[in-house]
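So the structure is just underneath, and the comments pick up after that.
The values are calculated or read from the model by the stated rules, or taken from the named source; none is laboratory data. All figures in this text were calculated on a predicted structure; none of them were measured in a lab. Cβ coordinates were reconstructed from backbone atoms using ideal geometry, including for glycine residues, and neighbour counts include every protein chain displayed.
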Amino acid sequence: MPSTPHSGNTNSRRDPRSRGPRPPAAREEFRERVLDMRRVTRVVAGGKRFRFRCTLVIGDEKGRVGIGVAKGLDVQQAVAKAKSDAKKNVITVNLKDGRTIAHETLAKYSAAKVLLKPASKGHGLRAGGSVRFVLAFAGVKDATAKILGRTPNKLTNAMATIRALEKLKV
């Protein structure tokens, strides 16, 4: 007698078409923000091949922050891959009083230079561009930041901010 999937076999799996309750969705531990989305091109013999490059920052606003960069055939794929990359590159920042950085720091990444300075309670986060998002996602509430030079590149500014945060000593 041939065996069917529902013939009482005890080691058979649950039927994937069944309408049983789904497991609860896991709550995300990180907030995320897309800093930059670009369409990049590769020229091949038959013409041009387009892909998307995503620069994404994630953080839990409690001292952990990361940046991911990835390419994909469509925007959704690029964002998912960048998020995965960012989770691999998470750093921990030690905050003074849970609000600001411990001391002034300067860091460089490629052509970008970023200066970070601590501030007193209630001062707020005075920073612009991608530096602001990186600091906010790291949990910094009071600080001043300055991008030195002319670097409109969001990726290098964000990476310089990460380098500056890595240089902090408690």
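Please verify whether G128 is under 20 Å from the mean Cα position of the chain (by Cα) and buried (at least 17 other Cβ atoms within 10 Å of the Cβ), treating the condition exactly as stated. So G128 does not fit the description; no. Does A80 qualify as being aliphatic (A, V, I, L, M) and without any contact (Cβ under 8 Å) to a residue 12 or more places away in the chain? Yes: the conditions hold for A80. For region 60-73, the tally of residues that are more than 23 Å from P152 (Cα to Cα) and either part of a strand (DSSP E or B) or modelled with pLDDT of 95 or more (or both) stands at 3. Residue pairs whose Cβ atoms lie under 9 Å apart, sitting 6 or more positions apart in sequence or on different chains, and linking a residue in region 144-170 that is touching a residue at least 40 places away in the same chain (Cβ under 8 Å) and under 16 Å from T100 (Cα atoms) to a partner that is of a type outside the set (A, V, I, L, M) and part of a loop (DSSP other than H, G, I, E, B), are I162/N89; L168/N94; L168/H103; K169/N94; K169/H103; V170/N94. Could we say that G129 is in contact with a Pro (Cβ under 9 Å, 6 or more places away or on another chain) and farther than 17 Å from D60 by Cα here? Yes: the conditions hold for G129.
Within region 117-128, the only residue that satisfies the criterion of being without any contact (Cβ under 8 Å) to a residue 24 or more places away in the chain, farther than 19 Å from R31 by Cα and assigned to a strand (DSSP E or B) is R126. A112 fulfils the conditions (1) modelled with pLDDT of 95 or more; (2) in contact with a helix residue (DSSP H, G or I) (Cβ under 6 Å, 6 or more places away or on another chain); (3) over 13 Å from A138 (Cβ atoms); (4) aliphatic (A, V, I, L, M) except for a single criterion, (1). Of the candidates A145, A80, A119, A111, the single residue that is closer than 19 Å to D60 by Cα and of a type outside the set (K, R) is A80. When V131, V114, V34 are checked against the criterion of being under 21 Å from N157 (Cβ atoms) and not in a strand (DSSP E or B), V131 stands alone in meeting it.
Residues that are of a type in the set (S, T, N, Q) and in a strand (DSSP E or B) within region 87-111 comprise T92, T100, T105, listed in sequence order. Within region 45-69, being of a type in the set (G, A, S) and either under 13 Å from E32 (Cβ atoms) or surrounded by fewer than 16 Cβ atoms within 10 Å (Cβ to Cβ) (or both) holds for A45, G46, G47, G59, G66, G68.
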